[in-house]
Amino acid sequence: MVEGGNISKPDKTEFNECWKTTWKTPYILRLALSAGIGGLLFGYDTGVISGALLYIRDDFRQVDRKTWLQELIVSMAVAGAIGGAAIGGWISDRFGRKKSILLADGLFAAAALVMAFAPAPWMIILGRVFVGLGVGMASMTSPLYISEASPARIRGALVSTNGLLITGGQFLSYLINLAFTKTRWTWRWMLGVAAVPAFVQLFLMLSLPESPRWLYRQNKVGEARSILEKIFPANEADDEMNALRLSVEAEKADGHAIGDNLIQKLKGALSNVVVRRGLYAGITVQVAQQFSGINTVMYYSPTIVQFAGFASNQTALALSLITSGLNAVGSIVSMALVDRYGRRRLMLVSMAGIILCLLSLSIIFLESANHAPKISQFDSNFIPNGTCPSYISAPKPSPWNCMSCLKASCGFCSNAANKYSPGSYMELTRKQRDLCRGQHRTWFKDGCPSEFGFLAVVFLGLYILSYSPGMGTVPWIVNSEIYPLRYRGVGGGLAAVLNWISNLLVSLTFLSLTKALGSAGTFFLFAGFCIVGFSFIYRLVPETKGLHIEEVEKMLETGYKPKLLRAKPQFV
């Protein structure tokens, strides 16, 4: 407990402690997994668009030709998530964590059906907005529900199950994408399947209780105790009830009493030094997570693989499945490490690995562009009227290669004998694409044939392995435990809103950045963002490993001095 500004050393919490506790009390695991389906839906709906977009482009020519429309389809889910996160904190505080999750399920199901039957791109965009509202609410309410129903010693591991289910949902989305590539309504099946887990969670959550901490906050002490007695042994339940009582008494003594009004809550939060310090940490990790570029990989992974020189939709999806699978593996690793080595240390190591991988990817894409196949004047005549107007009108087209063609909005038809040998420049139309493929050649419009392509996929995988155990799951854990109980909903909601705003900026500009800066320049830019993020995490984010939520509040009130890779905070 906290005395005189010092926090006693918490018991070491290891991964096997989580399984030991949940084996003895399976009710805890039931709560965590049921609420965690919100994470599965979060992951599925954010991951599925990466593959579905390839086939939406095939069905709607205007989507294929307009980069901004592709970015809009992807990013409108993020825009909706901003609204969902903004109101999600208030809804979870006002009406309860459980009702907030149920509302998110309804939005997920409605969105899936709207998109599955969409007759035009605008309908897909509308469905993506509904998806985003559900994702935004689930992104902060599911881990919050799990956190408030978990013993402190295994809280990090259990909240990580939400992160695991997010990455599991993303992996599932890639499997579903592959499964429907040969069906008649490819992308409609991909997007519509999301209704199934939404209805499953809706059914499961109806049989589960409200968060015991929220119930206590609403003066429903008897209900809170009955739930805590199912989670904790009798002596620990008494300790938890006492901790809740102290927290509520502290709230009553707080000069900034909070009401049910959202504006009042925000004013009360920002005027409280403990909450402000919590927000510095919570917002830092959420914004740094997005500017690491992770969702450019998750939303556009098959497109990035095509940038690396793999033209086939099926091949791009299959290789993207590898990166998604590594993301799920990284989440399992996080569950094993987060309560052993600490949140802060894991994030700093993760960011260092991300920076190295992004710099490596930048170099690989730069070399790929410099060594792209040349244009063959002779080979370009194998199809009548197949040349690109931009090439014909260029003052000096002789030094052009495949990458020059793509930048000028031409298509590139590979050499029939060897795709790395000089090929043909062609007008970027479906007719020319079909003529190229009819000659048993490969059509390239997003990336060029490259002997470095395999290396790009390898470093994408290493990037995911660096990201997932640290920056993938830990920011959500930090935000579920860094705020005082009375401000947790609004604090987590505010951080989540900024997470989604950052996400929107990244997803809405990625394809435009690759056109303006090239793939190499874009990944180099994200490496720079990560260096800035590393420095902010080092300065502003304390360690919360193994601390009771009330102890975290005392720690923020006292303050701390940062030290690189420190497992525990040093108080000042």
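The values are calculated or read from the model by the stated rules, or taken from the named source; none is laboratory data. Quick caveat, the model's predicted, so the values are computed rather than measured. Every residue, glycine as well, gets a Cβ built from its backbone with ideal geometry; the counts of neighbours run over all protein chains shown. Side chains included, ligands, DNA and RNA excluded: accessible areas come from the protein's heavy atoms. Shrake-Rupley method; radii C 1.70, N 1.55, O 1.52, S 1.80 Å.
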Of the criteria (1) of a type in the set (A, V, I, L, M); (2) in a loop (DSSP other than H, G, I, E, B); (3) modelled with pLDDT under 75; (4) closer than 30 Å to R153 by Cα, which one A257 fails:
(4)
For the subset of segment 202-250 comprising residues that are among the small types (G, A, S) and in a helix (DSSP H, G or I), which member is most open to solvent (accessible area, probe 1.4 Å)?
A234
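Yes/no per residue for (1) closer than 30 Å to V478 by Cα; (2) open to solvent by 10 Å² or more (accessible area, probe 1.4 Å); (3) touching a strand residue (DSSP E or B) at 6+ places or on another chain (Cβ under 6 Å):
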{"site": "G282", "(1), (2), (3)": "yes, no, no"}
{"site": "F291", "(1), (2), (3)": "yes, yes, no"}
{"site": "M298", "(1), (2), (3)": "yes, no, no"}
{"site": "T303", "(1), (2), (3)": "no, no, no"}
{"site": "G309", "(1), (2), (3)": "no, no, no"}
{"site": "N313", "(1), (2), (3)": "no, yes, no"}
{"site": "I322", "(1), (2), (3)": "yes, yes, no"}
Expected output for segment 207-236 (first residue among the aromatic types (F, W, Y), partner open to solvent by 50 Å² or more (accessible area, probe 1.4 Å), Cβ below 9 Å, 6+ apart or cross-chain) is W214/K220; Y216/E223; Y216/R225; Y216/R245; F232/D238; F232/D239
The residue that is farthest from I294 (Cα to Cα), considering only those in segment 530-548 that are over 23 Å from the mean Cα position of the chain (by Cα) and not in a helix (DSSP H, G or I), is H548
Complete set of residues in segment 86-98 that are open to solvent by less than 10 Å² (accessible area, probe 1.4 Å) and modelled with pLDDT under 85
G88, G89
So in segment 162-185, with the set limited to residues that are farther than 20 Å from V305 by Cα and polar (S, T, N, Q), which one is most open to solvent (accessible area, probe 1.4 Å)?
T183
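Looking at P449, P422, P469, can you tell me which residue is closer than 20 Å to V329 by Cα and modelled with pLDDT of 80 or more? If you could, list the steps in order and put the result at the bottom.
Working: P449 fails: closer than 20 Å to V329 by Cα; P422 fails: closer than 20 Å to V329 by Cα.
On inspection, the qualifying residue turns out to be P469.
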The residue that is modelled with the lowest pLDDT, considering only those in segment 397-419 that are open to solvent by 50 Å² or more (accessible area, probe 1.4 Å) and farther than 22 Å from K515 by Cβ, is S398
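Can you tell me which residue among L540, L511 is modelled with pLDDT of 85 or more, touching a Phe, Trp or Tyr at 6+ places or on another chain (Cβ under 8 Å) and under 25 Å from V273 (Cβ atoms)?
Testing whether each residue is modelled with pLDDT of 85 or more, touching a Phe, Trp or Tyr at 6+ places or on another chain (Cβ under 8 Å) and under 25 Å from V273 (Cβ atoms) leaves just L540.
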If you take the residues of segment 476-494 that are at pLDDT 80 or above and touching a Leu at 6+ places or on another chain (Cβ under 7 Å), which of them is most open to solvent (accessible area, probe 1.4 Å)?
L494
Segment 370-390, residues that are in a helix (DSSP H, G or I) and either surrounded by fewer than 17 Cβ atoms within 10 Å (Cβ to Cβ) or at pLDDT 85 or above (or both)
N370, N381, P389
Selection from segment 426-451 of residues that are under 26 Å from Q62 (Cα atoms) and more than 38 Å from the chain's Cα centre (by Cα)
L435, G438
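In segment 418-434, what residues are in a helix (DSSP H, G or I) and under 25 Å from P399 (Cα atoms)? Spell out the reasoning first.
Here is the first cut: in segment 418-434, the residues in a helix (DSSP H, G or I) are 430-434.
Answer for segment 418-434, where residues must be in a helix (DSSP H, G or I) and under 25 Å from P399 (Cα atoms): Q432, R433.
Determine whether G83 is at pLDDT below 85 and open to solvent by less than 10 Å² (accessible area, probe 1.4 Å). Can you show your working first?
Values: at pLDDT below 85: yes; open to solvent by less than 10 Å² (accessible area, probe 1.4 Å): no.
Judged against the criteria, G83 is not a match.
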Taking first residues from segment 543-556 that are closer than 15 Å to G156 by Cα and open to solvent by 30 Å² or more (accessible area, probe 1.4 Å) and second residues anywhere that are in a loop (DSSP other than H, G, I, E, B) and not aliphatic (A, V, I, L, M), the pairs with Cβ under 7 Å that are 6 or more apart or on different chains are K545/G342
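Which members of segment 112-126 meet the condition of being within 17 Å of T186 (Cα to Cα) and assigned to a helix (DSSP H, G or I)?
Answer for segment 112-126, where residues must be within 17 Å of T186 (Cα to Cα) and assigned to a helix (DSSP H, G or I): A112, L113, V114, M115, A116, P121, M123, I124.
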Sole exception among (1) open to solvent by 10 Å² or more (accessible area, probe 1.4 Å); (2) touching a Ser or Thr at 6+ places or on another chain (Cβ under 9 Å) for I101, by number:
(1)
Within segment 59-75, is even one residue under 30 Å from A149 (Cβ atoms), at pLDDT 80 or above and open to solvent by less than 10 Å² (accessible area, probe 1.4 Å)?
no
Evaluation of H440 against (1) in a loop (DSSP other than H, G, I, E, B); (2) open to solvent by 10 Å² or more (accessible area, probe 1.4 Å); (3) closer than 30 Å to G169 by Cα (one fails), failing number
(3)
